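Following: one structure in structure tokens, then a few remarks.
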Amino acid sequence: MIVGLTRNQQIPTSKMNRSSGRVIREKIPFSAQSVFHPVDRDPVAIIESQNYFRIPELLPMRHKKMMGSPFAFFRGTALLMAHDLSYQAQSGIHVTICGDAHIGNFGFYTSPERRLIFDLIDFDEAAPGPWEWDLKRLITSLILSANELGFAANQIKEAVLQTASFYRQGLSLMSDMTSLERYFILGDEELFLERFSNSSREEFEKIINKAQKINSSHVISKMTETDPFGRRIFIENPPITTHLDSKLIDEVALYFRQYLKTVRPDIEMLLSQHVLTDITRRIVGVGSIGTRCYLLVLTCEDESHLVLQIKQANESAITQYNQKNFTTPDTMAHGLGNGYRVVSHQQILQAVSDPFLGYFSTTEGLDFYVRQFRDMKGTIDLSELDFETFKQYVINCGVSLARAHVQSPYANWINGYLGTGDGFDHAVFDWCLAYSEQIYQDYETYKKSMSSS
């Protein structure tokens, strides 16, 4: 929303906004942000409170995945962490946040110009909220993952402080740009690789080369076959990939036509040249297991194919626990459902987004969003990284998070609050280290609960 000024009102400047952030630091010092205050709650009850929108027969698979490791458990507990964060000290400065910015939710994807971009890649929880919530989720995930990889305590602290520092410095540097310069920043593969040593760069070049080969044609060759009528259909691979009954197929096809009304005219024209030949249910992720997810094959007259993904969108964990204030971006007032929320916030947070993004709602009150499936996408297998490569990777996550946050109106308040020193870097390390211990306790509680049920 563009806000007008009265005749005698001064336009807020970057200097004024940073000054406002420094005032907040006097009221909410870094020492307050460094202390984790344990919350009396039932972690299992909070996790299971989301089961109402999940498919019941898929819940055992979700539980099994989450019991795999503390980090796997953490990936499925965005709601639990949002609950806990709402009881902690915070600056009160809001931006558009990812809501689930753990290190597994960063990766590569392609721009419309077919350039690989490194950025946030998951936006199911995206909403306006406190900037610290994203950074603390990122840092906590770093600690949990680094512990699983066997890195030493001093190495983990080094990686955390470097990631927090690059977030802080990146936010400051990008805030010094003009609004248009900030908007057009691209974290493409060349800029991504510039930050790495020679040995680390070789590892990520392999990942980039692999991602460039994964597109709709690759998916078609690996996941589909030709039926007796010459149509491309998905290969049954239960429980990961299963076909739907005819009634549900008709419903998905109907709502797909609604989706077409939410995309750009050029995408609608492109899709009008395709025929929908098959639909299947697909199980994805950890936190998303149990939600409704479908894959669609579309075929053009030139016998080329396109694979799209339809994914259920539910209420954001952030909106359930965040208290709005005057700094909260006005991005939730449209009343168009959670599919729209995911799509619109992805477009705000990413440097460039999938042109096929769209959304629809069903008559039963379910919301969905649509995107391409695996179009030159690549995620990082953290288990294959040595410490130096891991550290440089998470630093890039911190910079990408800063680029996302700096798009919001009150980003310069964050700069004023953080200042130029490393005080907050150490504060966020202390808080996240303590919170990681809470996660380990919750993980054991969860495993015992699931084993006895």
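Does Asp367 satisfy being within 30 Å of Met67 (Cα to Cα) and of a type outside the set (Gly, Ala, Ser)?
On the way: within 30 Å of Met67 (Cα to Cα): yes; of a type outside the set (Gly, Ala, Ser): yes.
So Asp367 fits the description; yes.
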When region 274-302 is examined, which residues are found to be more than 18 Å from Ile233 (Cα to Cα) and either among the polar types (S, T, N, Q) or in contact with a helix residue (DSSP H, G or I) (Cβ under 7 Å, 6 or more places away or on another chain) (or both)?
Val286, Gly287, Ser288, Ile289, Gly290, Thr291
Residues of region 354-369 that turn out to be hydrophobic (A, V, I, L, M, F, W, C), within 15 Å of Tyr294 (Cβ to Cβ) and assigned to a loop (DSSP other than H, G, I, E, B), as a count:
2
Look through region 241-288, keep the residues that are modelled with pLDDT of 90 or more and part of a loop (DSSP other than H, G, I, E, B), and return whichever of them is surrounded by the fewest Cβ atoms within 10 Å (Cβ to Cβ).
Ser272
Take region 371-425 and flag every residue that is assigned to a helix (DSSP H, G or I), small (Gly, Ala, Ser) and closer than 30 Å to Phe356 by Cα.
Gly398, Ser400, Ala402, Ala404, Ala411
Residue pairs, Cβ under 7 Å, 6 or more apart or interchain, first in region 38-67 and within 20 Å of Gln438 (Cα to Cα), second at pLDDT 90 or above and of a type in the set (D, E, K, R). List them.
Val39/Asp84; Pro43/Asp442; Met67/Lys447
Here the residues within region 228-260 that are farther than 24 Å from Ile55 by Cβ and in contact (Cβ under 8 Å) with a residue 12 or more places away in the chain are Arg231, Arg232, Leu260
Just to verify a result, which residue in region 384-411, among those that are out of contact with any Leu (no Cβ under 9 Å at 6 or more places or on another chain) and farther than 16 Å from Ile103 by Cα, is surrounded by the most Cβ atoms within 10 Å (Cβ to Cβ)?
Ser408
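So that you can scan it fast, the table gives a plain yes or no per residue for (1) more than 21 Å from the chain's Cα centre (by Cα); (2) part of a helix (DSSP H, G or I):
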| residue | (1), (2) |
| --- | --- |
| Ala32 | yes, yes |
| Phe36 | yes, no |
| Ile46 | no, yes |
| Met81 | no, yes |
| Glu113 | yes, no |
Would you confirm whether any residue within region 321-342 is aromatic (Phe, Trp, Tyr), surrounded by fewer than 21 Cβ atoms within 10 Å (Cβ to Cβ) and under 28 Å from Lys64 (Cβ atoms)?
yes
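The values are calculated or read from the model by the stated rules, or taken from the named source; none is laboratory data. Fair warning: this is a prediction, and the values are worked out from it, not measured in the lab. Every residue, glycine among them, receives a Cβ derived from its backbone with ideal geometry; neighbour counts consider all protein chains shown.
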